[in-house]
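Colleague: Below is a structure I'd like to ask you about.
The values are calculated or read from the model by the stated rules, or taken from the named source; none is laboratory data. The structure presented is a predicted model; accordingly, all values stated were derived computationally and were not measured. Using ideal geometry, Cβ is built from the backbone for each residue, glycine included, and neighbour counts are taken over all protein chains shown. When the accessible area is computed, the model is the full protein with side chains, heavy atoms only, and any ligands, DNA or RNA have been set aside. Shrake-Rupley method; radii C 1.70, N 1.55, O 1.52, S 1.80 Å.
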Amino acid sequence: MTDTLATPASSDVDTRPVTLQAAEQTITALWNDSADPRELSTAIHEYGAVGATCNPVIAYTCIKQDPDTWVPRIREIAAEHPTAGESWIGWKAVEELSVAAAAQLLPAFEASGGRNGRLSMQTDPRLHRDRDALVEQAVRFSALAPNIIVKIPATKVGIAAIEEAAYRGVSINATVSFTVPQVVAVGEAIERALDRRAADGLPDQEFGHVVTLMAGRLDDWLKAVVQRDHVMVDPGILEWAGVAAVKNAYRVFQERGFRSRVLVAAFRNALQWSEFQGGDLVVSPPFQWSKDINANAFPFRPDAIDDEVPAHVIDALRAATPEFARAYDVNGMTIDEFDRFGATVKTLRQFLDADAQLDALVRDIIVPAE
């Protein structure tokens, strides 16, 4: 007699984190949008992450949230460099945080031949107007560890710096980038740099170049615009803007054979992970997003990258605001317009504010009020 109350066999159900399953089933790389050492360790060993990113906001947050480590270390740095200012001391701490994170990723770097296992370290946003200063800092950061990849903003000055730094052998991650015109311009700049290296007989190697499209920040900007302009639109439509832009950018990169990969960052919804699986690109959710995706076993399709965003969604986004077309169409903006795009201004200001907050944190440690 069959026991109808028996628990069905479930040995064929994969209960591992879905991000790990996706990493094993597709060529899509998972990175962790944080250099926090504990979060990064979990992301690597449990979630399948093979890269990580850092920026002024992330660095400031990591340092602030771990005072037991960083308060005494910042005091030590100040004592070791008695003439250094608070900004230099703060960025020295950022360097140490980044190098430690890079060490965790070294096995993935070596296993992939340099394509993955990268730690993204961002140039000082206060240098955003100075091409030569960005290049020099990028070259210095690149030498801190073999698997450092350097973030430079996708502004007019930044793209010029990206081309020169890439020519000089720096692995690039473009940042402050939200639109298809921006990422395509960066992809073209990296191609020019690689062609120049080949023409000058410089070593051919895997630089692991990636070009970020901050999908969620594009969504944020469009939501702010429709609110500002009093446009009534199905709010669910706006959740697809960043997804649509990434899919269009990816298509262009594949068609043109760019030797860099699109990287998706600034998550606002789980589609910004699931809709790109199967693509030869990088998805880089913050640690909490990866944690939540796995806790909810959020489903993915191994060939999701090939699915088009429905035409009626694209049409609705175009109808809602011309800002979507500027972000989505390959020729939606000229390079001269990148710097004044709303998401660019808001994000650059946020990074500059984080610099100021890091300065204040260091000041409170080395010149305490009491």
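Colleague: List the helices (runs of 4 or more DSSP H) that sit entirely inside region 1-76 and contain at least 2 residues that are buried (at least 17 other Cβ atoms within 10 Å of the Cβ) and modelled with pLDDT of 90 or more.
Modeller: 18-25, 37-42
Colleague: While we're on this one: Can you confirm whether Val211 is over 17 Å from Cys54 (Cα atoms), in contact with a helix residue (DSSP H, G or I) (Cβ under 9 Å, 6 or more places away or on another chain) and open to solvent by less than 10 Å² (accessible area, probe 1.4 Å)?
Modeller: no
Colleague: Of all residues being among the aliphatic types (A, V, I, L, M) and not in a helix (DSSP H, G or I) in region 172-198, which is farthest from Leu134 (Cα to Cα)? Just the residue, please.
Modeller: Among residues in region 172-198 that are among the aliphatic types (A, V, I, L, M) and not in a helix (DSSP H, G or I), the one farthest from Leu134 (Cα to Cα) is Val176.
Colleague: Hey, another quick one. So which of Leu281, Leu358, Leu263 ends up being of a type in the set (A, V, I, L, M), in contact (Cβ under 8 Å) with a residue 12 or more places away in the chain and touching an Asp or Glu at 6+ places or on another chain (Cβ under 9 Å)?
Modeller: Leu358
Colleague: Can you pull out the residues in region 111-120 that are open to solvent by 10 Å² or more (accessible area, probe 1.4 Å) and among the aliphatic types (A, V, I, L, M)?
Modeller: Within region 111-120, just Ala111 meets the criteria.
Colleague: Of (1) under 20 Å from Asp33 (Cα atoms); (2) in a loop (DSSP other than H, G, I, E, B); (3) not small (Gly, Ala, Ser), Met333 satisfies all except one. Which?
Modeller: If we test Met333 against (1) under 20 Å from Asp33 (Cα atoms); (2) in a loop (DSSP other than H, G, I, E, B); (3) not small (Gly, Ala, Ser), just (1) comes out false.
Colleague: Scan region 121-149 residue by residue and report those that are more than 17 Å from Ala93 (Cβ to Cβ), in contact with a Lys or Arg (Cβ under 9 Å, 6 or more places away or on another chain) and crowded, with 20+ Cβ neighbours inside 10 Å.
Modeller: Scanning region 121-149 gives Val135, Ala138, Ser142, Asn147, Ile149.
Colleague: Here's a follow-up. Return yes or no: is Glu323 more than 27 Å from Ile44 (Cα to Cα) and out of contact with any Ser or Thr (no Cβ under 9 Å at 6 or more places or on another chain)?
Modeller: Considered against the rule, which asks whether it is more than 27 Å from Ile44 (Cα to Cα) and out of contact with any Ser or Thr (no Cβ under 9 Å at 6 or more places or on another chain), Glu323 comes out as yes.
Colleague: Assess whether Val345 counts as being assigned to a helix (DSSP H, G or I), open to solvent by 20 Å² or more (accessible area, probe 1.4 Å), among the β-branched types (Val, Ile, Thr) and at pLDDT 95 or above.
Modeller: yes
Colleague: Separate question: Across region 77-91, which residue is least open to solvent (accessible area, probe 1.4 Å) among those that are in contact with an Asp or Glu (Cβ under 9 Å, 6 or more places away or on another chain) and free of Cβ contacts under 8 Å to residues at least 24 places away in the same chain?
Modeller: It comes out as Ile77.
Colleague: Which members of region 160-171 meet the condition of being open to solvent by less than 10 Å² (accessible area, probe 1.4 Å) and either under 17 Å from Phe351 (Cα atoms) or assigned to a helix (DSSP H, G or I) (or both)?
Modeller: Listed by number, the residues that qualify are Ala161, Ile162, Ala165, Ala166.
Colleague: Also, I was wondering about something else. Which helices (runs of 4 or more DSSP H) does region 221-313 wholly contain that include 3 or more residues that are out of contact with any Phe, Trp or Tyr (no Cβ under 9 Å at 6 or more places or on another chain) and on the phi < 0 side of the Ramachandran plot?
Modeller: Helices (runs of 4 or more DSSP H) meeting the threshold: 235-238, 241-256.
Colleague: In region 309-341, how many are under 21 Å from the mean Cα position of the chain (by Cα), buried (at least 19 other Cβ atoms within 10 Å of the Cβ) and closer than 27 Å to Asp130 by Cα?
Modeller: Count: 3.
Colleague: Scan Thr123, Thr28, Thr61 and give me the residue that is within 30 Å of Arg340 (Cβ to Cβ) and either acidic (Asp, Glu) or touching a helix residue (DSSP H, G or I) at 6+ places or on another chain (Cβ under 7 Å) (or both).
Modeller: Going through Thr123, Thr28, Thr61 in turn, the sole match is Thr123.
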